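The values are calculated or read from the model by the stated rules, or taken from the named source; none is laboratory data. Please read all numbers here as calculations on a predicted model, not as lab measurements. Every residue, glycine as well, gets a Cβ built from its backbone with ideal geometry; the counts of neighbours run over all protein chains shown.
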Amino acid sequence: MEIFEVVIYFILLALLSTSIRVVTTSNVIHAAISLVFTLALTAILFLMLSAEFVALVLILVYIGAVIVLFLFGIMITRAPLGKNAELDNDKNKKLGALISGSIFFLFSYILINGFDGEVVVSSGSSTELLGEILLSRFVFPFELVSFVLLAALIGGITLARKDEALVDEDQI
């Protein structure tokens, strides 16, 4: 076994443990932090597979933007920061484990039998060409999505804050 394989197995073990921590913790902040580690380990795997562009997009978009918005949303909605008993549902844990295990084994079966053990390596497109396509042809959808995210952020802040100036005179 080469050192590359040992590192891959170590990363996969850490990825498995952090992903389990995301779905089993009852603390929302710990779940978000575990999700950051899970996404970072996934990016490391993409880097080891020589998919640098996918790894950087994963880091910039998911870790840099989505998780920050997620944590910001938790903070502005005043979500409970400690352990939350509502997040711990003992009744459905066995059913959830059964369903997720079935999906895992179904996907594993499909992937193992779908490729017949052949590894097909095709020449991929360069990152420069992909960047030119995304920033020339698809620049409008990128800008549109940024405005939608901005509107959602402003809406979340508006709904979550309590403005004392809007209290009626009769309530004083």
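Some points to look at:
- Yes/no for Ser136 being at pLDDT below 70, farther than 21 Å from Gly73 by Cβ and among the hydroxyl-bearing types (Ser, Thr, Tyr): no
- Selection status of Leu39, in contact with a helix residue (DSSP H, G or I) (Cβ under 8 Å, 6 or more places away or on another chain), of a type outside the set (Phe, Trp, Tyr) and under 27 Å from Gly156 (Cβ atoms): yes
- The stretch 17-29, subset surrounded by 16 or more Cβ atoms within 10 Å (Cβ to Cβ) and of a type outside the set (Val, Ile, Thr), residue nearest to the chain's Cα centre (by Cα): Ser19
- For the stretch 42-72, filtered to residues that are of a type in the set (A, V, I, L, M, F, W, C) and not in a helix (DSSP H, G or I), the residue that is surrounded by the most Cβ atoms within 10 Å (Cβ to Cβ) is Ala51.
- Phe142 falls short on exactly one of the conditions (1) surrounded by 10 or more Cβ atoms within 10 Å (Cβ to Cβ); (2) under 30 Å from His30 (Cα atoms); (3) modelled with pLDDT of 70 or more, and that condition is (2).
- Residue check for Ser17: of a type in the set (S, T, N, Q), outside any helix (DSSP H, G or I) and either closer than 25 Å to Thr158 by Cβ or not assigned by TED's automatic domain parsing to the domain that holds Thr127 (or both): no
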